[in-house]
Structures are given as C-alpha cells and as structure tokens.
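The values are calculated or read from the model by the stated rules, or taken from the named source; none is laboratory data. As the structure is a prediction and not an experimental result, all values here were calculated from the model. Here the Cβ positions follow ideal geometry from the backbone for every residue, glycine too, while neighbour counts run over all protein chains shown. Surface areas here come from the heavy atoms of the whole protein model, side chains and all, with no ligands, DNA or RNA. Shrake-Rupley method; radii C 1.70, N 1.55, O 1.52, S 1.80 Å.
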Number of protein chains: 2
Amino acid sequence: MTTPRRDTYTPETLLSVAVQVFNQRGYDGTSMEHLSKAAGISKSSIYHHVSGKEELLKRAVSRALDGLFAILEEPAAREGQAVERLEHVVRRMVEVLISELPYVTLLLRVRGNTATERWALERRRDFDHRVAELLKAAAADGDVRPDVEVRLATRLVFGMINSIVEWYRPEARGASGREVADAVAQLVFSGLRRAA
Amino acid sequence: MTTPRRDTYTPETLLSVAVQVFNQRGYDGTSMEHLSKAAGISKSSIYHHVSGKEELLKRAVSRALDGLFAILEEPAAREGQAVERLEHVVRRMVEVLISELPYVTLLLRVRGNTATERWALERRRDFDHRVAELLKAAAADGDVRPDVEVRLATRLVFGMINSIVEWYRPEARGASGREVADAVAQLVFSGLRRAA
DNA sequence: CCTTGAACCGACCGATCGTTCGGTTACTCT
DNA sequence: AGAGTAACCGAACGATCGGTCGGTTCAAGG
C-alpha cells in the first residue's frame, strides 16, 4: 500500500497544471521553463513524472477524447429515434465539454505538427463522423428540415458547441453546464426540427 | 512609376505565403526556416521585405479585422430594424470570413503571447461587442425569442460563424460563400426569431 | 540506525529559434 | 559602359528550445 506521503506531484496533478498553461499560451508557445515556473518545481523534475512535453499533451487529449466517446456508449445515445439520440448526444457533448473544459480546449486546438497531434485529429474525425451519422439518420426519418444540407449543418452545430471552450469560465458562474446545454439545444433544434 | 520588373516578392505576396504556413503549423509552430522553404527564398531574404515574423502576423490580422469592421459601416448594417441589420451583419460576416479566409483564420487563433496578438484580441472584442449590441437591440424590439439569454446567444452564434474557418476550403467548391451564409442565417434565425 | 527510493535540483547538452551582417547578383536607368 | 539599387544569399549571432545527467534531500520501512 503506497499512501501519498506529502503534497507532491503525480503525473495527473502535474497534468492539470500543464494543461492550464498550454491553454493560456498554446502548446507550441509553452516551454518546459514555463511549465516548471507554473508548477513550482524545476524543469528537470518534470521529467521525473512524465517522459516529456508530448506525453503531457497525449494524456490531456486522451482524457478529452475518452469523455466524448463515452457519450456514444450511453443507452440514450444508442436506443430510440435518431433525432432523440442526436439531441441527447448534443446536450451531453456540451456537458462533457464543460466538465472536462481544459482538456477538451486543448484537444480542439491541436494543429497536427506532431504524431500525437495527428492521432488526436484522427480520433476527433472519427467522433465527428459518428455524430454526423446520427444527423443523417434523423434526416432520413424526416425529423429535421430538409432545406439545409446535412453535412453543412453538422459542421455548423459542431462549431457552435465547440466554441464554448472559447468563452465558458466555470469560476464566473454565469450559467451551469445544463443551462448552456439547454440553450444550445434550443438554438440547434428550433432551427433544425421541422415545424409542426 | 515603379513597375514590377519580374516575378519577385513584395510584402503582400510574401504575406499570402506566410499566412498559409501559419495556418497549417500555427504561428508559434512556424519557424522562419519553414517560411523560407515555403517561399522558396532564404531566411535572411525575408527580412528584406518585412521587419520580422511579428510584422507578418500584424499585417495578416489587420487585414482580417479591416474586413470585419467594414461590415459595420455598410448602409444595411446602420439603417433599418435591429433584427434586419443583425441578419445583414451575420450574412456579411460569413462572406468576409470566406473571402478573407486565411487571414481571418489566423486572427481567430491568436492566443495573446505577444503585443500584436493582444492588440488583435482587443480589436476582436470590440467587434464582438458591436454585434452584441445589435442583438440586444433586436431583443428590445421583441424580434428575437426571449427565452435564450442574449449574451449566451451572441457567443453561440459567433461560435457557429467563426467555426467555418475550421472546415471551409474554397478549392473544394462544396458551397459558395453565399450558400454558406444562407445556411447560417437559416440555422441562426429560425432558432432565434420568434415564431409568427 | 541504516538502507532504499521517490522527489527534486543545478548544470549542461546539441539543436533550433528569430534576427543580423557583409557581401553578391541582376536588373533599371542614364 | 557605368552607377544605383532591389532582391537575394550564406554564415553566424545570442538566446532559448526540449531533454539529460549526476547528484542531494528526506520520509518510510526494516
């Protein structure tokens, strides 16, 4: 049994510091010196916990991707009408995005310069395609308006959801995750759903 | 009269190359070596045309910001009902974003590490506030649904519009700027406008 | 008390960063 | 032909990059 002896860093606690700095300065704009200053330990000490800068990135984006993919495994995302499953996924995306804000923020900003970043981009595309399939199915059911192209609508909806990371600040307590999810669902579906 | 003698670089033509590379690798992730390779001239030759890396960034974001602010000066953005002016600004934002795609893309990705980036962020905030005022006025007129908070709706709409830079590729000829603007207006306003 | 090992550090590595400098080339104008 | 100059180059600058190395500190376990 290894009990934590004192207040010291683990790869996880170090990650939470690193992700904050990454999001503030950008991954490429963050040096190990920046991280060491923010963490309050020396540059070399960071390498005692993680193998390097890129492992921190990998851990961060993995956490974000795991949270998103888990949504697709939820019962409400797998059973029922496509349009209902879609609405559930949209709402849960907003909630996960907010609960894992710094990690998803970093994920949405990777550009593909390293192998890790390209891997993250690929997994993101997979997820996007899975959601696009849902929208396509809802369109086939006739549950969304037919005058906006499915492909285009998917991208715009993703754009709206993902943009939340650009302004949502949990400490400001302006709106809870559920409230934001409600607003997004309102905007998305009152625009998407065929008028009764 | 200075006629261009041969096919040589000017600050403007060099900028168009640089912005492409910036958008592919990220500003911080782009070295002068990368730029020189992409431009086909030596690293030191770049300094014959521009004062350095940051001037390229400044020129790029200025061009994007000028395009956006010009929208607010158009007659249709200054006269008439607030909700009509808002719709015009939204449509024109999409069109400018697409016609100046690489420059706006770069603008939307700056993080604030340098003085130029912070200046760009500040001007962006100014623009956002101007548009938010329009939405607020439309809400006061009773022309948008009252059950979604104005502040939140503004951010989500901006998010949807700005996200276009993440996927729109002019060479693919999937949809013209006007077609995308139509789709955005459909989604935004069928969700925003009070049912008749 | 003494060994062990996690946590940490300063000094340093080769590589690369943005930038500068002293030229050379090649075109225009007279 | 000769002067002037825009466009360009290779070499090198000090600074900083991500990462390594040989330790030191200190609490836990026997």
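Under Stokes-Einstein, with the Kirkwood radius over Cα pairs as Rh, the value for chain A at 37 °C and 0.692 mPa s is 178 µm²/s.
The long axis of helix A:82-99 is offset from the longest Cα principal axis of chain A by roughly 20 degrees.
Our note on the geometry: Cα centres of the range B:107-181 and the range B:51-95, 10 Å apart. Rolling a 1.4 Å probe over the protein heavy atoms leaves residue B:36 with an accessible area of roughly 10 Å².
Suppose every K and R has +1 on its Cβ and every D and E has -1 on its Cβ; what is the size of the dipole of the range B:60-192 about the Cα centre, in Debye to the nearest 20?
Once rounded to the nearest 20, the dipole reads 460 debye.
Can you give me the Kirkwood hydrodynamic radius for the range B:74-114, using every pair of distinct Cα atoms, in Å to one decimal?
Computed over Cα pairs of the range B:74-114, the Kirkwood hydrodynamic radius comes out at 11.7 Å.
Scalar couplings 3J(HN,Hα) for the range A:38-47, obtained by applying the Karplus form with A = 6.51, B = -1.76, C = 1.60 to θ = phi - 60°, are 5, 7, x, 10, 6, 4, 5, 5, 4, 6 Hz; x denotes Gly and Pro. Scattering from the range B:9-77 was approximated by placing one identical point on each alpha carbon and applying the Debye formula without solvent; log10 I(q)/I(0) at 0.12, 0.19, 0.25 1/Å stands at -0.35, -0.70, -1.07.
Using square roots of five times the C-alpha gyration tensor eigenvalues, list the equivalent-ellipsoid semi-axes of the range A:54-101 in whole Å, biggest first.
25, 10, 6
Can you return the aspartates and glutamates within cross-link range of residue A:43? Criterion is Cα-Cα under 16 Å, with same-chain partners fewer than 8 residues away left out. Hits, sequence-local ones excluded: A:33, A:54, A:55. Sorted from closest to farthest, the other copies place their residue A:169 label points 3.7 nm away, with each point set 7 Å from Cα along Cα→Cβ. For the range A:70-116, which residues drop by 10 square angstrom or more in accessible area between the chain on its own and all protein chains together (1.4 Å probe)? Flagged in the range A:70-116: A:109, A:111, A:113. In plain terms, chain B is cut at each of the trypsin sites (Lys or Arg not before Pro) found in a DSSP loop with at most 11 other Cβ atoms within 10 Å, and the longest leftover piece is B:7-172. Using equal-weight Cα scatterers in the Debye expression, the normalised intensity of the protein assembly as shown in log10 at q = 0.08, 0.10, 0.13 Å⁻¹ is -0.47, -0.74, -1.19. Counting Cβ atoms of other protein chains within 10 Å of each residue's Cβ and taking the mean over peptide A:177-186 gives 3. Taking the accessible area of the protein assembly as shown, probe 1.4 Å, and keeping the other protein chains in place, the carbon and sulfur fraction comes to 49%. Using the Karplus relation 6.51 cos²θ - 1.76 cosθ + 1.60 with θ = phi - 60°, the per-residue 3J(HN,Hα) values for the range B:9-18 come to 7, 10, x, 6, 5, 5, 4, 5, 5, 4 Hz, with x marking Gly and Pro. For the range B:106-194, the equivalent ellipsoid derived from the Cα gyration tensor has semi-axes of 25, 21, 9 Å, listed largest first. In a DSSP loop and with at most 10 other Cβ atoms within 10 Å, the GluC sites (Glu not before Pro) in the range A:52-127 are A:79. Taking 7 Å steps out from each Cα toward its Cβ at residue A:44 and residue B:99 produces label points 5.9 nm apart. Note that the range A:60-69 has calculated 3J(HN,Hα) couplings of 5, 5, 4, 4, 5, 5, 4, x, 5, 5 Hz, one per residue in order, obtained from phi through the Karplus relation 6.51 cos²θ - 1.76 cosθ + 1.60 (θ = phi - 60°); glycine and proline are x.
Subtracting the Cα-Cα distance of residue B:130 and residue B:178 from 0.36 nm times their residue separation leaves 15.0 nm of extension gain. Annotation for residue B:54 and residue B:33: the two label points, set 7 Å from Cα along the Cα-Cβ direction, are 2.3 nm apart.
Distances between copies at residue A:136, taken between label points 7 Å from Cα along the C-beta direction, are 4.4 nm in increasing order. Each label point was placed 7 Å from the Cα along the Cα-to-Cβ direction; for residue A:79 and residue B:78 their separation is 6.1 nm.
What does the accessible area per residue of chain B come to in Å², with a 1.4 Å probe and no ligands, DNA or RNA counted?
Averaged over the residues of chain B, the accessible area is 51 Å².
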